[in-house]
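Each value in this text was obtained by applying a stated rule to the coordinates, not by laboratory testing. Quick caveat: nothing in here was measured; it's all calculated off a predicted structure. As a convention, Cβ positions derive from the backbone with ideal geometry for all residues, glycine included, and neighbour counts pool all protein chains shown.
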Amino acid sequence: MENKILIVDDEAHIRMLIEQTLEDLEDEGVIFFKAENGEEALEIIQSEKPQLVFLDVMMPKMNGMEVCRRVKKELELNNVFIVLLTAKGQELDRQKGLEVGADLYMTKPFDPEAILNKAREVLNLPG
Amino acid sequence: MARLSLKNIIGKKSASFALVQSFLEQLKADISIEDENGKILSGNEQLDPVHQYPIAVDNELLGWVKGDDNAFIIGSLVTLLLQKEGEKKKLGSEVLNLYQEVNLIFNFSEKLAQTIEPAAIAQITLDEAEHIIKSDNGVVILWDEYSRQLQVIAKSGELFFNEENINNNLSLLLRMILGGQSEIIDDISLLKDAGIVLPQVQSVLYSALKVNHRIMGAIILAGNGPVQYTAADLKFLTTLALQSSSAIESALLYEKNIKEANEREEAMRRIHEVTRKFVPYEFIQSLGYDLITDIKLGDQVEKIVTVLFSDIRNYTTLSERMTPEENFSFICSFNEYMGPIIRLNKGFINQYLGDAIMAIFPGNAADALAAAVQMQIAIQDFNKQRELFNQAPIQIGVGMHTGPLIMGITGDHERLDATTISDTVNTASRLESLTKYYKASIIISEETLQQISAPDTFHLRLLGRVQLKGKYAPTSIHECFSGNTEFELQKKLETLPYFTTGISNYLNSSFDRAVSAFQEVLDANPEDLTAKFFLNNATGYLNNGVPLNWMGVEQMQSK
């Protein structure tokens, strides 16, 4: 099965940054998908079943929390590792993140190295 | 940055895959696209191609397009797409670098916000700088305005700075640092010659730490190898320096404030301590306060207390033989002996009046009497020391009385005084004077005796009744001889029955019986001057007759 990563953020530069950060994985056969809102993200998750999703919380057309809740609680896609991304200073309480079934949450500005390491870990790719 | 490759353009997963494929189909081209190693990525193998075009971006060969006449068109298209892809990657990589810098500065600010210690801030700054800028050594130095010295507050690696040398070569460093600049120093021979940096150092990068144009110091990095510092390194260091300058400034101010607050507190504590020596804490406490700053004019409290007076006998004669300085030091050493005894017995000294002491015992009168006895015993000890220096022994008389006393704050709003207003004080003072008259060491009033719950613990003798000057009612007075020498004590105990008989006959005007009783006392203890006083009085009344209104009460005309 191919390794797939979905990057969801309404801001184009964040999508670009995450992709750029994970660029090296492309050579290792990882396919990237991008979505700019929650609805689009949900469609891609259902059709492509990516192993890893970087999911922004504050987005138009269904926010990240709702996307996460649907994926984990309704669709029960438990093999999708979801990393919620929130802006620093707008940290949600961890309880809320756990309730919707997120696997991890990170704050923006994120540490590029931490994102790359997390992706390698989830996709089981040696560094 | 990942290497640009043909796969980015014509790989099945790429966005331009469809475009390239449709071109190939439309043109019915018979060509192959190969990577730089000859591996075919698209089309069929061309054994003997008519054309072959190299695909290169930025002078780097990335592959070949081989085949018919269409090879040129396809080659141009692929090259163009690759150039675009390359630009995109370069831009992306630059944005990522910038983002990493933002993230770093964000984290740096967060770390700075969590510390308030100048050296810790400097260390964080240095660590952060060395994380990004390759260097072997680093220091943060601060300029101390007061000592006019440079001080190393954070360092890493081999200390390339010689801490002593930096201050020996102040002018050189100051010219560098106080310029307030940031720069890359390629020629560091000056610093090496001055012995400021170690010989192996090859390049130095520094940025001044400044707040509002005031130079505080600098952060300096050095590389041993052939490190070529870049403008980007300098920009980054300057950004860190700017951030940490204000943090260090705040931390220094904070430190200064804390130090000043501590000093003020310490000064207050000392003032408080000294104030307590002038106005006893018990006095303030009696007024219901904890701090002297709370008292105000007119505060007062009335209590039943025992007032103790002590006075050195014949002090005038004694002091005439001393210089004023000797006098002063004598009184001080005497008071050093007496003060602790009073405090140990729960009393406090209300006043030192030259050679006299006035103390107040707010608790039981037994405390005051115990203190008086211990004072008399201490005098014996004091005299032994005086004897070593061939100094004459001294004697003190102690009188005490128990009664109401008002403690309060008098004066005016500009000058306050902790005062006691009480007739009890006057009576105690007069009883002290009587010790000379009766040749007794301690005299207590009947009121004092009445308050002592276990009078048996003291050795007492009734001395009759006195009419004090200005008083309407006569008072019974008692001698306490517990503080006498062991010898005197034994003698007085042995003769106590005769003495008691003598006093009761004396008070009943049976002077002949009184005379014989006091004579018995004196036969056994010729040194009993009190018995001698009564014997003389009784003999006088016997020979010369008694005043008409004699009620056994001595009229005290002197104070």
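Looking at the square roots a ≥ b ≥ c of the eigenvalues of the Cα gyration tensor of region B:466-550, which shape do they give, rounded for a/c under 1.5, prolate if a/b is larger than b/c, or oblate? Here region B:466-550 falls in the oblate category. Each residue of region B:394-400 was assigned a 3J(HN,Hα) from its phi angle through the Karplus expression (A = 6.51, B = -1.76, C = 1.60, θ = phi - 60°), giving 10, 10, 10, x, 10, x, 8 Hz with x at Gly and Pro.
Peptide A:16-23 has a mean of 5 when you count, residue by residue, the C-beta atoms of other protein chains within 10 Å of its C-beta. Proximity of backbone amide H atoms, modeled 1.01 Å from N, is registered between residue A:30 and no other residue at under 5 Å, excluding neighbours fewer than 5 places apart on the same chain.
Short-range pairs are left out: with C-alpha atoms under 8 Å and at least six residues apart, the relative contact order of region B:7-102 is 24 percent.
Just in region B:11-41: which trypsin sites (Lys or Arg not before Pro) are loop by DSSP and have at most 11 other Cβ atoms within 10 Å? Mind dumping the intermediate values first?
Numbers: sites: B:12, B:13, B:28, B:39; in loops: B:12, B:13, B:28, B:39.
Those that pass, being in a loop and sparsely packed, are B:12, B:28, B:39.
As a rough footprinting exposure proxy, the listed residues B:495, B:485 were ranked by other beta carbons within 10 Å of their own, and the order from fewest upward is B:485, B:495.
What's the longest bit of chain B with no exposed chymotrypsin sites (Phe, Trp or Tyr not before Pro), using DSSP loop states and at most 16 other Cβ atoms within 10 Å as the test?
Numbers: sites that count: B:146, B:289, B:389, B:472, B:550.
Formally, the longest exposed-site-free interval is B:1-145.
When the square roots of the Cα gyration tensor eigenvalues are ordered a ≥ b ≥ c, the ratio a/c for region B:282-484 is 1.5 or more and a/b does not exceed b/c, which makes its shape oblate.
Name the GluC sites (Glu not before Pro) in region B:9-95 that are in a loop by DSSP and that have at most 12 other C-beta atoms within 10 Å, would you?
Numbers: sites: B:25, B:34, B:36, B:45, B:60, B:85, B:87, B:94; in loops: B:36, B:45.
Those satisfying the criteria are B:45.
Helical runs assigned H by DSSP (4 residues or longer) give the protein assembly as shown a calculated mean residue ellipticity at 222 nm of -15000 deg cm²/dmol, each run adding -39500 (n - 2.57) before division by the residue total. Normalised by the number of residues in chain A, the mean separation of alpha-carbon contacts (under 8 Å, six or more apart) gives a relative contact order of 25 percent. Around the amide H of residue B:396, modelled in the peptide plane, lie the amide H atoms of B:313, all under 5 Å away and 5 or more residues distant in sequence or on another chain. Taking amide H atoms as placed 1.01 Å from N in the peptide plane, the amide H of residue B:211 lies under 5 Å from those of B:216, each 5 or more residues away in sequence or on another chain. Of all lysines in the structure, the ones whose alpha carbon falls short of 20 Å from that of residue B:256, not counting any fewer than 8 places away in one chain, are B:210. Taking every C-alpha pair closer than 8 Å and separated by at least 6 residues, the mean separation divided by the residue count of chain B gives a relative contact order of 8 percent. Pairs over the 26 Å Cα-Cα cut-off, from the set B:303/B:436; A:49/B:88; B:12/B:89; B:303/B:469; A:4/B:90: B:303/B:436; A:49/B:88.
If you put +1 on each Lys and Arg Cβ and -1 on each Asp and Glu Cβ, how big is the dipole of region B:282-484 around its Cα centre, in Debye rounded to 20?
Values: 16 positive and 23 negative charges, 152 e Å.
So the magnitude is around 720 debye.
Mean per-residue shielding of peptide B:90-103 is 4, counting Cβ atoms of other chains within 10 Å of each Cβ.
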